[in-house]
Amino acid sequence: LSVIWMAWQRAASINDLKSGQSKVVNVAGKDLALFNVDGKFYCIDNTCPHRQGPLGEGTLEGMDVRCPLHGSKFNIKTGAVDNPPAKTGVKAYVTKIEGTSIMVDV
């Protein structure tokens with residue numbers, strides 16, 4: 001028997017991000033990149049594992065974000081790396097909406 005602990009924290013308001021936008025947020029001491037794709041919210045670690053680029057400041061391309069430093073691409077739903085030079089992905093976080101708040105499971 002395993003227990004899954006959900007630690008939901010408020011990250012932002014749904015009004016803070018229009019569709020196609022991203023925002024860097026700090027939740028529970030972690031810098032995270034929050035994205036809005038057609039009204040659905042996604043969250044990954046903000047730091048690119050290649051050279052610590054700020055993913056929340058990258059370019060959103062469909063379900064991928066391109067790191068502004070060296071062009072690595074990450075899937076914003078899974079955190080998987082889709083394009084080098086990064087060799088590893090980043091952590092993805094589950095999101096949900098409560099009222100007008102975007103909640104992240106950290």
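Want the number for LYS18 to THR59: 0.36 nm per residue separation, take away the alpha-carbon distance, what's left?
Numbers: separation 41, 0.36 × 41 = 14.76 nm, distance 1.43 nm.
My answer for the length gained is 13.3 nm.
What is the total of Lys pairs in the chain with C-alpha atoms under 22 Å apart, excluding same-chain pairs fewer than 8 positions apart?
24
To the nearest 0.05, how large is the calculated FRET efficiency for LYS87 and ARG10 if R₀ is 41 Å and r is the Cβ-Cβ distance? Walk me through the numbers before you get to the answer.
Details: r = 33 Å, r/R0 = 0.80.
Plugging the Cβ-Cβ distance into 1/(1 + (r/R0)^6) gives 0.80.
How much accessible area per residue does segment 22-79 have, in Å², with a 1.4 Å probe?
46 Å²
Which value, in debye to the nearest 20, describes the size of the charge dipole of the chain about its Cα centre when Lys and Arg Cβ atoms bear +1, Asp and Glu Cβ atoms bear -1, and nothing else is charged?
Details: 12 positive and 10 negative charges, 24 e Å.
Result for the chain is approximately 120 debye, rounded to the nearest 20.
Suppose the chain between GLN52 and VAL94 were pulled fully straight at 0.36 nm per residue; how much longer would it get relative to their current alpha carbon spacing? Write down the numbers at each step before the final one.
Values: separation 42, 0.36 × 42 = 15.12 nm, distance 2.22 nm.
The span from GLN52 to VAL94 would gain 12.9 nm if fully extended.
Mind checking which of ASN15, ILE102, ASN75 is farthest towards the positive end of the chain's charge dipole, using Cβ charges of +1 (Lys, Arg) and -1 (Asp, Glu) about the Cα centre?
Looking along the dipole axis, the top candidate is ASN75.
Quick one: pull the percent of accessible area on the chain belonging to carbon and sulfur, 1.4 Å probe, ligands and nucleic acids left out.
Its accessible area is 48 percent carbon and sulfur atoms.
Calculate the dipole size of segment 1-60 relative to its Cα centre from +1 charges on Lys and Arg beta carbons and -1 charges on Asp and Glu beta carbons; express the result in debye to the nearest 20. Before the final figure, lay out each step's value.
Working: 6 positive and 5 negative charges, 10 e Å.
Computed charge dipole of segment 1-60: roughly 40 debye.
Using the alpha carbons of the chain, what is the convex hull volume per residue in cubic angstrom, as a whole number?
On the way: hull volume 10.8 nm³, N = 106.
It is 102 Å³ per residue.
Under a Cβ-Cβ limit of 4.7 Å, which cysteines in the chain have nobody to pair with?
Among the cysteines of the chain, those whose Cβ sits 4.7 Å or more from every other are CYS43.
Please give me, ordered by residue number, the trypsin sites (Lys or Arg not before Pro) of segment 12-47 that lie in loop per DSSP and have at most 12 other Cβ atoms within 10 Å.
Details: sites: LYS18, LYS23, LYS30, LYS40; in loops: LYS18.
Counting only loop positions with at most 12 other Cβ atoms within 10 Å, the trypsin sites (Lys or Arg not before Pro) in segment 12-47 are LYS18.
The values are calculated or read from the model by the stated rules, or taken from the named source; none is laboratory data. Worth saying up front: this structure is predicted, and the values here are computed from it rather than measured. Ideal geometry is used to build each Cβ from the backbone, glycine not excepted, and the neighbour counts take in all protein chains shown. The protein model used for the area step is the full one, side chains on, heavy atoms only, and it has no ligands, DNA or RNA in it. Shrake-Rupley method; radii C 1.70, N 1.55, O 1.52, S 1.80 Å.
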